[in-house]
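Chemist: Here it is, the structure in full.
Bear in mind these aren't lab numbers, they're just calculated from the coordinates by the rules spelled out. Just so it is clear, the model here is predicted, and its values are computed rather than measured. All Cβ positions, glycine included, derive from the backbone under ideal geometry; neighbour counts span all protein chains shown.
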Amino acid sequence: MDLAAAKALVTGGGTGIGKATAKALVGRGARVVIAGRRGDVLRKTAQEIGAIPVTADVTSEADVTRLVATVIRELGDYNVLVNNAGAGVFAPLLSVTAADMRRIWEINVLGATLVARESARHFVARRTGAIVNVSSTSSQRPGPGSSAYASSKFALSGLTEVWRSELRKENIRVMQVNPSEVLTPFGEAAGRPPRTSDSPRKLHAEDIGQVIAGLLALDDRVLVTSTTIWATNPES
């Protein structure tokens with residue numbers, strides 16, 4: 001795909017991996033809409049990187065329908081979805097709550113599905129497009145305390161396989177990236193202790209953004225089904 005011709009939506013685009021991915025795509029000439037629930041954060045990021053902000057909650061079917069229609073209207077077309085919106089909560093099994101499980105699954109699984117469905121309807125009509133699902137190494141090597149988060153990412157991996165099998169014949173690439181720990185606000189938002197420094201040896205959001213942009217920039221005949229990103233020698 002020629003990224004200069006890309007018209008992309010990045011969910012969860014106000015911070016972290018979403019912001020870095022949107023910035024990488026804009027830097028290669030793409031036009032990009034970033035979406036999320038916090039309008040103030042979105043507007044600040046959009047002004048900084050040259051994107052278009054649209055406030056939306058991916059767990060709301062009405063919001064998602066409006067979001068995709070807005071992307072098509074604002075960009076004049078639409079051919080790339082980066083399904084990045086996500087949340088986490090970490091607790092041992094004995095402390096897991098039904099409310100936490102529902103919230104994480106609604107965002108990470110239902111939300112991803114709703115945005116992919118509305119996007120795919122447009123892509124199928126155009127017989128072109130790409131979907132990148134941002135998963136996690138938790139979908140491969142889950143750790144203690146990750147019942148809600150890891151299970152949602154295992155589900156997203158399954159959905160990626162399903163969507164690829166359905167959409168491949170329509171010339172739509174469905175890909176997944178699995179970052180290991182990345183220095184973003186995600187951990188703190190999930191209830192983990194805040195980090196005091198940015199280690200040069202751990203993954204940064206920009207690393208993942210560049211990987212996603214690189215996958216999309218491959219010729220459309222090339223389908224990389226899944227990519228896992230680890231730090232070479234991270235500090236403990």
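Chemist: Of the listed peptides 46-52, 152-158, what is their order by residue-averaged count of other C-beta atoms within 10 Å, with the highest listed first? Working shown, then result.
Modeler: Details: 46-52: 16.4, 152-158: 19.9.
Going from most to least packed, we get 152-158, 46-52.
Chemist: Could you grab the relative contact order for segment 3-229? Cα pairs under 8 Å, six or more apart, rounded to a whole percent.
Modeler: Relative contact order here is 21 percent.
Chemist: Placing one identical point scatterer on every Cα of segment 1-105 and ignoring solvent, what is log10 I(q)/I(0) from the Debye formula at q = 0.12, 0.16, 0.19 Å⁻¹?
Modeler: -0.42, -0.67, -0.87
Chemist: Determine the sum of side-chain charges near Asn178: Lys and Arg each +1, Asp and Glu each -1, restricted to other residues whose C-beta is under 10 angstrom from that of Asn178.
Modeler: That sum, taken over residues with Cβ under 10 Å, equals +2.
Chemist: Using only alpha carbons, build the gyration tensor for segment 41-170 and give me the equivalent ellipsoid semi-axes, biggest first, whole Å. Walk me through the numbers on the way to the answer.
Modeler: Values: eigenvalues 154, 69, 31 Å².
Gyration-tensor ellipsoid for segment 41-170: 28, 19, 13 Å.
Chemist: Once phi is turned into θ = phi - 60°, what whole-Hz ³J(HN,Hα) does the Karplus curve with 6.51, -1.76 and 1.60 give for every residue of segment 33-48, x standing for Gly and Pro?
Modeler: Once rounded to whole Hz, the list reads 9, 10, 10, x, 8, 9, x, 5, 5, 4, 5, 5, 5, 4, 5, 5.
Chemist: While we're here: Diagonalise the Cα gyration tensor of the chain and give the resulting equivalent ellipsoid semi-axes, square root of 5 times each eigenvalue, largest first, whole Å.
Modeler: Over the Cα atoms of the chain, the ellipsoid semi-axes are 26, 19, 18 Å.
Chemist: From the backbone phi of segment 166-173, what are the Karplus-calculated ³J(HN,Hα) couplings (6.51 cos²θ - 1.76 cosθ + 1.60, θ = phi - 60°) in whole Hz, Gly and Pro given as x?
Modeler: Those phi angles translate into 7, 9, 4, 5, 9, 6, 10, 8 Hz.
Chemist: With r as the distance between the Cβ atoms of Gln47 and Glu166 and R0 = 35 Å, compute the FRET efficiency 1/(1 + (r/R0)^6) and round to 0.05.
Modeler: Efficiency, from the Cβ-Cβ distance: 0.40.
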